[in-house]
Structure formats: structure tokens, C-alpha cells
Amino acid sequence: MTPSETTPEPPGAQPPTRWGWPVWERDEVLREQVALLRQNFPMTLLASLATALGTLWVMARVADTQATTVWLSTHALVIAGVYLTLRSISPFTDPAPQAARKLIACMAAMGLSWGSLGYVVLYWGTSDSVIYAIGIISTVSSGALGLGAPLYRAYVTYLTSAIGGVMVSVALAGGPVMWPALFLTSVYYILTCLQARTADRATRRSIALKLENERLVNELRAESQRALAAQGAAEQADRDKSRFLAAASHDLRQPLHAMGLFLESLQRSPLNDHQRTVLQHAHAASGAAAEMLTTLLDYSRLEAGVVKVRPEAFAVQPLLTALEQEFGVQADTAGLVYRTRETSAAAFADRSLVGLVMHNFISNALRYTARGGVLIACRTRGKRLALEVWDTGAGIPVHQWEDIFKEFHQLGNPERDRRKGLGLGLAIVQRLAREMKTSVELRSHPGRGSVFRLWLDRWQGALEDDASPTPSARSLAGLKVLAIDDDEAVRLGMQSLLQSWGCQCLTAESSADALEALEDVTPDIIITDFRLRHEETGKQVLQALRTYLGTPVPAIIMTGDTSPQRLRDAQSTSALLLHKPVSTGQLRDAIVQLITRPPAPPDGGPAAAPAQKGPESEPASTTASGATSP
């Protein structure tokens, strides 16, 4: 096993060291030193050969030419051998100590080759030739300092081999200059070694800094890759969440929708007191489930970007009255006081979205207020007005004011009691306010209660008087309705409900089945589910039926799907879009709206909004909540 190959150490053990250096760190530095020396060597060999040729010319007058020529030939062979050895060294693949030993051997060969010049001039030259040799070898050694600086041991080996040969030649030559020459040569050797040591330390510091920078860069790249991977995982999780919400919402809405239709039909049947009590409990359970699914739908539609803001001028008081009618009974049941401060103010905003925001505010206030009550008020401030919901609940600490507007965040519900909702209401409020380009405000005192405000533009002009009769007042007797759904329970429930209203109801499970049912009759209205079997959609069904009939029959698309893309596809039709579970009142209002409005535009145009009042009865084409509990 080479010195660079080490066995894994147990956790907590100190890394192995060699000469005080951690093995891996020393090998990395040594590898860089070897790479630098290996990179510089070829050019140095050419310089050494050129210097040797110059030496032959200088020594021609003080030494035997034949002897110096033999030395030159030998030196050239040494250079060739060193070059071949260098070609076999691969600093970044060979073990670092092994490559270092090869380079040290090459430096030793070069040093001995130059040091042998001293013996040549000693035996085949004059007394002056030794001095020439000292000068030439000292110059060559100083020039080699730049080559050997990256690896101190290699340079010291070279210098010792070269200067050692000269010092031996001087000692053998004797004479009056022997001792001064030996002294000066020794001083030169020591000083050059010190200089080489300094250069070696500087080189190692530079290499260590380079390795540290590379390590930091690699860590930064790895961190960036982990961040990108985490971002990708988060985006994938978000897509998975949307798909899960869409699938779960659709699968749960189907039976809830059918149950609502059956409960409505059952309520019209003769029942005793016990049965009516059980039916009321069933209505309550269905309503709670529908409320949670509707909240998911609101959130999904906001994410899909299909909520369109349609501002208009409207009186605030009718909206507050409708909210009191909806929540007053709930407050009485909970033993709370529900008060509305009357106002004559008018606002310019999307009435249905404002109603949804207030619906969430009031629902939260009643849910988290144990005693006391809630107050609904409207305050004007110049060109702005604020719809306020005051409560006497537990209050919210200041550090949680921002958190409660985050998705799925709830206070005082560690057990995740679903009777307290999903924690999406205020998140929906925040996003609705952003869609309307306005803001919501919270003020709260723990132990005393809270106030939520929705800021709106104030309307100071005249309001149109809407005295049109309520659409639901119109009879549906004799209306021919085609209901298309791939769920048999929904088809049976729809047929039972429509027939109880006096309608003639045909049912089908697909476009092909519907075309067979239309051979002898033309429907007045088509009601279809959006997602059918075999990847067929309600939009495709409407296009096929309208093409077959040759007329744009008014239509309603009902869906339990909350997928953003499916919501956009459904909204692109001219049909009204309702979301399961659909209340019987909402369905009746939508049917009446369709049979009383002008003919529908071609497919792909926007759906017209039924002119219903109150956030709880707005169809999905105009609100973020298209369904109410039965």
C-alpha cells in the first residue's frame, strides 16, 4: 500500500499524520508541488543543454576540448534520460510520493551531471578552470532555484549533488585558494538552501490557499445543487399537493353531491319527528363536509388564477343583512350576540368576493369566540371605507399576526379538530384582497378580542335600483332537462330532484348515451359533469350535443374537480360552472337564470353570471366559492 492510501478511520478518531501533516492534506499539497515541478522541467532541460554548449565554448581555452566534449555528450544523455522519465510521470494519477521520488531522482541526475564538470576540469584543465567551473555551476544552480522551488527536497538534492562535486574538486586541487574557495562555496550553498526553503514555504502556502479555495467552491457548488434539488422537490411537492387536492376533492364531492340531492328529495317526503331530527343531523354533517371541500376549492381556484375581479357599485347594507341572516342563527345556537351596525355607505368592488372575505371573517370570529359576540360594522374614511368584524374572543398575540394568514395555520387547535376548519380561510382572504388590489388589517388584544378590516374604495354616486323579481320564483314545471353524469347515484338523485320540481328529466352517462336519448326530444337545458369516463369532458359533451342539435342549448357544468387546469378549461365554455356539492337552491337559481337570460354566446366565450345576491348564492363563474352546503 502506498503512503497516500489510508484505511478509513472510525468516527471520532484523529486522521493519520506523517511528519506532522495529515496524510490526505500532505499528499494533496505534494501532488500540487509535483505538478508544478513536472510542468517546469522540460523548458529547464532545454536551458541546461544550451548552457552546456556555452560551457564547452568557455572551457575551450582552459580545459581539454576532448574531455569537455565527452562531458557534454554524457550530459546530453542524462538530459535525454531525465526527459524520458518525466514522460512517465502523471502527477494527478500516480501516487504523489512515488511521483515525487522520480522527480528527486531526476534532479539528482542533473546535479551529478553538472557536479562532474568539476572533476573534468580538475584532471583535464588548468588551475583557472576550477574557478570557471565554480562560476558556471553556481550560476546554473541559482537558475535552477526557480525550477526546484515548488519541491524543496528535490532542489536540495540537486544543489548538493552539483555543489558537492565542485567542493570535492576544489579540495583535491589544493593550492592557496582552496580554503577561501571552500568557505565561499559553503556560504553560497547555505544561503541558497535558505532561499529555497523560503520559496518552498511560499509555494506551499499558495497551494494550500488554492486547495482551500477549491474546497470552498466545491462546497458552494454542492450547496447550490442541494438548494436546487430542494427547490425542485418543493415544486414537485406543490404540484403533488395540487393533484392530490384535485383528486381528493373530486372523489369526495361526488358522493356528497348525490347525498345532498337525496336528502333534499327525502325532506319532501312525509317524515315523523324522529326522522326529521335524523335528517337535520344528516344535513348538518353534509354541510360541514361541504364547507371544508368548498374551502379547498376556493384555494385551488385562487391558485389556478381563474378568479376574475368584476368591480361594481353596490350598497353595503344588503350584503351585511344577508350575512346576518346566514350567521345569526349560528350565533344564537352558540349563545353569542350577533350585531350589525346599519350603514348607508356604498362601495366600488366585486360584491361577491367582498362577501366571501366577510364570510371568512365572520366564520372565524364565531368559531373562536366562546362568550360575548361579534359586531359587523362599516366605517368611512375619506374616499375609503372599511368593513369590520369585531369579536370578543381570546385574541391573537402580536407575533402571530402574520402567521395566521399562512396556509393551514390555526391557533388554539393543536389536535387539528376539523370542526374548526382547515386553516385556509384567512389565507384565502389574503389572496382575495390581493386580487382586488386592496388590503386587510388586523388589530387584536389577547384576552379581549380582535377586529379584522377589509379596506374598499368608497362609492359616492347614485346606485341602480335592482327591482327585478327573484329568479327562483319562476316555476320550472314542464322544463326538459338532460342530466349527464357517469355516477349512477348522482343521476338518480338529479332525476328525483328535478322531477320533484316538475321538470322532465332525461339522464345519460356519456355523450354517446346522450345522443341516443335526444333522438325524439330537444332539451331546454343541459346539465353535465365536467369529468366523465374515458377522458371525456363536459366541454366536449356540450360541443358534440350542440353540434348535433344545431343550437346553443343553455348548459350548466358541475364539477367536483379542483385541478387548476380543469377549472380553466371548464370556465372557457359558455356554460355556467357550479361546484359540487351544489345546494338545491343554487341549482334552481342557476336553471332559472339560464332560461331567463339571452341566448348563450358560442363555445369559448365567458360564462354570464347569474344575478344572485349574497355571497352564499353566487355561482362559481363570479366567485371564488361556487358551492354552498345543502
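No value in this document is a laboratory result; all are computed from the given coordinates. This structure is a prediction, so every number in the text was calculated from the model and none was measured. Here Cβ is always computed from backbone atoms with ideal geometry, including for glycine, and neighbour counts include all displayed protein chains.
Output the relative contact order of the range 80-199, whole-number percent, from Cα pairs under 8 angstrom with separation of 6+ residues. Don't jump to the answer; show the numbers that get you there.
Working: 110 pairs, mean separation 34.8, N = 120.
Relative contact order here is 29 percent.
For the residue pairs 308/480; 383/437; 102/210; 480/539; 308/383, alpha carbon separations beyond 22 Å are given by 308/480; 102/210; 308/383.
Measuring max minus min along each principal axis, the C-alpha atoms of the range 17-223 give extents of 70, 33, 23 Å (largest first).
So, R0 is 41 Å and r is the distance between the beta-carbons of residue 229 and residue 462; what FRET efficiency does that work out to, to 0.05? Efficiency, rounded to the nearest 0.05: 0.10. Modelled label-to-label distance, residue 504 and residue 195, 7 Å Cα→beta-carbon offset: nm? Each label point lies 7 Å from its Cα, and together they span 11.5 nm. Ordering 30-36, 66-72, 457-463 by mean Cβ neighbour count within 10 Å, with the highest value first, yields 30-36, 66-72, 457-463.
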